[in-house]
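What follows is a structure written as structure tokens; I'll ask about it next.
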Amino acid sequence: MAKTFGIHEVELLPGVTTEEFENFANSEYNPFFTSEKVPFGIQSRIVKGDKGERNNQYAVVMEFPSVELRNEIAGTPPQESPFDTEKSKEFFSAIEEIYNKFYELCKTTYTDYYEI
């Protein structure tokens, strides 16, 4: 059961300032996703590049305790889940409000990785 990491590259939507996004990240998103409010030990953080190709750009790093849990919540690659499992429903219900706020500010592309 290898840990799985979702790396989501973030692009701010037109009109969203870096200050607005960073305020949301620091005051709402990061505290929420590192709290006990998120089921199954899943954690997530918004991070900002400070060196390299994505310097001064944002990403979300999600950590799932296992590939199996990620698959149960978000589907088995390459398919996405219809979000109809009990764990999926519980997870997305718990994060719905913060998830909606997040996507009012940005869009993402992602790749998931697992420990080898």
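The values are calculated or read from the model by the stated rules, or taken from the named source; none is laboratory data. Just so you know, these numbers come straight off a predicted model, no measurement behind them. Quick reminder, even Gly has a Cβ in these numbers, built from the backbone with ideal geometry, and neighbours come from all protein chains shown. These accessible areas exclude ligands, DNA and RNA; they are computed on the full protein's heavy atoms, side chains included. Shrake-Rupley method; radii C 1.70, N 1.55, O 1.52, S 1.80 Å.
I need every pair where a residue in segment 87-113 that is in contact (Cβ under 8 Å) with a residue 40 or more places away in the chain has its Cβ under 8 Å from the Cβ of a residue that is part of a helix (DSSP H, G or I) and among the charged types (D, E, K, R), sequence separation at least 6 or different chains.
Listed by first residue and then by second, the contacts come to 87/72; 98/28; 101/28; 105/20; 112/70.
Let me ask something else. If I ask for residues that are surrounded by 13 or more Cβ atoms within 10 Å (Cβ to Cβ) and in a loop (DSSP other than H, G, I, E, B), which ones from segment 84-95 would you list?
85 - this is the single residue of segment 84-95 that is surrounded by 13 or more Cβ atoms within 10 Å (Cβ to Cβ) and in a loop (DSSP other than H, G, I, E, B).
Name the single residue, out of those in segment 1-43 being in a loop (DSSP other than H, G, I, E, B) and among the polar types (S, T, N, Q), that is least open to solvent (accessible area, probe 1.4 Å). It would help to see each step written out before you state the result.
Of the residues in segment 1-43, the ones in a loop (DSSP other than H, G, I, E, B) are 1-3, 13-17, 34-38, 42.
Narrowing the set further to residues that are among the polar types (S, T, N, Q) leaves 17, 34-35.
Working: 17: 63, 34: 60, 35: 37 Å².
Only one residue fits best here, namely 35.
If you go through segment 45-68, how many residues are touching a Gly at 6+ places or on another chain (Cβ under 8 Å), open to solvent by less than 40 Å² (accessible area, probe 1.4 Å) and either modelled with pLDDT under 95 or not aliphatic (A, V, I, L, M) (or both)?
Within segment 45-68, residues that are touching a Gly at 6+ places or on another chain (Cβ under 8 Å), open to solvent by less than 40 Å² (accessible area, probe 1.4 Å) and either modelled with pLDDT under 95 or not aliphatic (A, V, I, L, M) (or both) number 2.
Within segment 69-82, which residues are open to solvent by 40 Å² or more (accessible area, probe 1.4 Å), part of a loop (DSSP other than H, G, I, E, B) and out of contact with any strand residue (DSSP E or B) (no Cβ under 8 Å at 6 or more places or on another chain)?
76, 78, 79, 80, 82
When only residues in segment 101-116 that are loosely packed, with under 11 Cβ neighbours inside 10 Å and more than 12 Å from the chain's Cα centre (by Cα) count, which is nearest to residue 21 (Cα to Cα)?
Looking at residues that are loosely packed, with under 11 Cβ neighbours inside 10 Å and more than 12 Å from the chain's Cα centre (by Cα), I get 104.
In segment 83-116, what residues are under 19 Å from residue 67 (Cβ atoms) and touching a strand residue (DSSP E or B) at 6+ places or on another chain (Cβ under 7 Å)?
Answer for segment 83-116, where residues must be under 19 Å from residue 67 (Cβ atoms) and touching a strand residue (DSSP E or B) at 6+ places or on another chain (Cβ under 7 Å): 110, 111, 112, 113, 114.
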